[in-house]
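The values are calculated or read from the model by the stated rules, or taken from the named source; none is laboratory data. What you see is a predicted model, and the numbers here were worked out from it, not measured in a lab. In this analysis, Cβ positions are derived from the backbone assuming ideal geometry, glycine residues included, and neighbour counts consider all displayed protein chains. We work out accessible area using only protein heavy atoms, side chains counted, and drop any ligands, DNA or RNA first. Shrake-Rupley method; radii C 1.70, N 1.55, O 1.52, S 1.80 Å.
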Amino acid sequence: MRSKVVVGNWKLNGSLAGNDALVRALLREIPRNGAAACAVCVPYPYLAQARELLQGSAIAWGAQDCSRHDSGAYTGEVSAAMIAEFAARYAIVGHSERRTLFGDTDAIVVAKFAAARRAGLTPIFCVGETLEEREAGRTEAVLARQVDALLQSGGAGGLEGAVVAYEPVWAIGTGRTASREQAEEAHAFIRGRVAAKVQPNIAARLPILYGGSVKAANAADLFAMPDVDGGLVGGASLVAEEFVAIWRAAGAAVKG
Ligand code: PEP
């Protein structure tokens, strides 16, 4: 059975004092022997603070993006190796906000995934359709295009040890959540696509997180679905009680 994982995406939020209070509140409630795994993906300048506060705890940390380049004349970029120097475990790649606001194409996302891998980070590879695409009946075609871009580049095993996040763009930061049936349908499609294109056992082990307005009130419902292996949580990860409640819902789903 796959374990459940809950990852917070702080986006462009935080301050040294605010992060300190938030993380200490999480540490009081999330023990080392919890049933679900937990992590926070923080803005780059706070990676050092995350390491200082979280090392030795049950909460891993990571970044929200990384450069596709390893080094060189790329002003403003942050390499995966730099992120890894702060003992980070994760780098989110292909978040819809990067795809839509910052021009990350499938090819760029795939290159970032590979860069994260080279640095020993676990990429959290985000995919998802827009509302327009869903309403046009193109959800599966969009997911197939995004997943295939990665599988074709990485060959068999490209997703081994990585994490996928299904994040319907229409549900991110909108308060609109996919129903558990919609989430399960998309997750099962992604898993089936990976199974068909690479080894089925890699697909069976692959954690597929749901993201899009996950809150304490809907987490248990979503996490009960067989192909939903936890959540990538934006807004609610900034409120300790909400995030802890979501993490507890993931743990409860593990225990069944
Ligand atoms: C996200 O940032 O990945 C996300 C899912 O945001 P929210 O939970 O706020 O919709």
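If the condition is being closer than 18 Å to Gln146 by Cα and either of a type in the set (A, V, I, L, M) or away from the ligand (no atom under 12 Å from the Cβ) (or both), then the range 204-218 contributes Leu206, Pro207, Ile208, Leu209.
Working carefully through the options Asp229, Asp221, Asp148, find the one that is among the acidic types (Asp, Glu), surrounded by 23 or more Cβ atoms within 10 Å (Cβ to Cβ) and away from the ligand (no atom under 13 Å from the Cβ).
Asp229
Look at Ala186 and say whether it is of a type in the set (Gly, Ala, Ser), at pLDDT 95 or above, crowded, with 22+ Cβ neighbours inside 10 Å and away from the ligand (no atom under 16 Å from the Cβ). Spell out how you get there, then give the answer.
Values: of a type in the set (Gly, Ala, Ser): yes; at pLDDT 95 or above: yes; crowded, with 22+ Cβ neighbours inside 10 Å: yes; away from the ligand (no atom under 16 Å from the Cβ): no.
Spelling it out, it is not the case that Ala186 is of a type in the set (Gly, Ala, Ser), at pLDDT 95 or above, crowded, with 22+ Cβ neighbours inside 10 Å and away from the ligand (no atom under 16 Å from the Cβ).
Return yes or no: is Tyr74 within 30 Å of Trp170 (Cβ to Cβ) and of a type in the set (Phe, Trp, Tyr)? Please lay out each step first, then the result.
Working: within 30 Å of Trp170 (Cβ to Cβ): no; of a type in the set (Phe, Trp, Tyr): yes.
Answer is no for this residue.
When the range 79-105 is examined, which residues are found to be assigned to a helix (DSSP H, G or I) and surrounded by fewer than 18 Cβ atoms within 10 Å (Cβ to Cβ)?
Going residue by residue through the range 79-105, those that are assigned to a helix (DSSP H, G or I) are 80-84, 96-101.
Ala81, Thr100, Leu101 - these are the residues of the range 79-105 that are assigned to a helix (DSSP H, G or I) and surrounded by fewer than 18 Cβ atoms within 10 Å (Cβ to Cβ).
Picking from residues in the range 151-177 that are within 15 Å of Ala219 (Cα to Cα) and free of Cβ contacts under 8 Å to residues at least 40 places away in the same chain, the one that is most open to solvent (accessible area, probe 1.4 Å) is Arg176. Taken as a whole, the range 37-44 holds no residue that is more than 22 Å from Ala178 (Cα to Cα), hydroxyl-bearing (Ser, Thr, Tyr) and not in a helix (DSSP H, G or I). Total residues in the range 85-115 satisfying the condition of being out of contact with any Leu (no Cβ under 8 Å at 6 or more places or on another chain), hydrophobic (A, V, I, L, M, F, W, C) and over 20 Å from Gly231 (Cβ atoms): the figure is 8. Return the residue satisfying two criteria in turn: it lies in the range 189-203 and is at pLDDT 95 or above and among the hydrophobic types (A, V, I, L, M, F, W, C), and of such residues it is nearest to the ligand (Cβ to nearest atom). It comes out as Ile190. Residue pairs whose Cβ atoms lie under 8 Å apart, separated by 6 or more positions or on different chains, with the first residue in the range 96-122 and free of Cβ contacts under 8 Å to residues at least 40 places away in the same chain and among the β-branched types (Val, Ile, Thr) and the second open to solvent by 30 Å² or more (accessible area, probe 1.4 Å) and not in a loop (DSSP other than H, G, I, E, B), are Thr105/Arg99.
For the residues Val244, Val239, Val198, the requirement of being touching a Leu at 6+ places or on another chain (Cβ under 9 Å) and surrounded by 19 or more Cβ atoms within 10 Å (Cβ to Cβ) singles out Val198.
Going through the range 1-17 one residue at a time, which ones are surrounded by 13 or more Cβ atoms within 10 Å (Cβ to Cβ) and either within 13 Å of Ala50 (Cα to Cα) or modelled with pLDDT of 95 or more (or both)?
Narrowing the range 1-17 to residues surrounded by 13 or more Cβ atoms within 10 Å (Cβ to Cβ): 2-11, 13-14.
Across the range 1-17, the qualifying residues are Lys4, Val5, Val6, Val7, Gly8, Asn9, Trp10, Lys11, Asn13, Gly14.
Of the residues making up the range 19-41, those that are at pLDDT 95 or above, open to solvent by less than 40 Å² (accessible area, probe 1.4 Å) and of a type outside the set (A, V, I, L, M) number 3.
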